[in-house]
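Every number in this text was worked out from the coordinates using simple rules, so none of it is lab data. Keep in mind it's a predicted model, so treat the numbers as computed, not measured. Here Cβ is always computed from backbone atoms with ideal geometry, including for glycine, and neighbour counts include all displayed protein chains.
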Amino acid sequence: MTEKVQSQNIDFTGELKHNKQAKFQEIKVMDYNSQLVIVEINKNYNKMINNMFSLCGKKCIGNFSNSNLGPQEKICLENCQKKFYNSYVIGKTFVDQVINESKSLDLFSDKTEVDLIQQVNAKKI
């Protein structure tokens, strides 16, 4: 069976250049769990935006026979959008505070996620 094997050659064009002055930099790669968290955050943000468009559209746009928004529709849509973004900022601020609290814990802490949330809530009061 080995008699039927043909030998093949690979010719390299050019030569390998060795740069003695080249500095290798360590590339930091995000771990898999962090990547999953970022994907989930993006999905949740996109869901919020889709909900905003859906709910604000249903609430503020009453008539689709005109291609332009009326003055009342514009005001309603702007206020609705501002409320959605303000609620997003409040939620993000709260999550950031919980994350900061979790950084102060050691590996063998008895606190759970619920304890952290209650601790952040207690500080707000």
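Just a few scattered comments:
- With N counted as the residues of segment 29-124, its alpha-carbon radius of gyration over 2.2 N^0.38 Å works out to 1.55.
- Taking other residues whose beta carbon is less than 14 angstrom from the beta carbon of GLY62, and scoring Lys, Arg as +1 and Asp, Glu as -1, yields +2.
- Once C-alpha pairs closer than 8 Å and six or more residues apart are averaged by separation and normalised to the residue number of segment 29-124, the relative contact order reads 21 percent.
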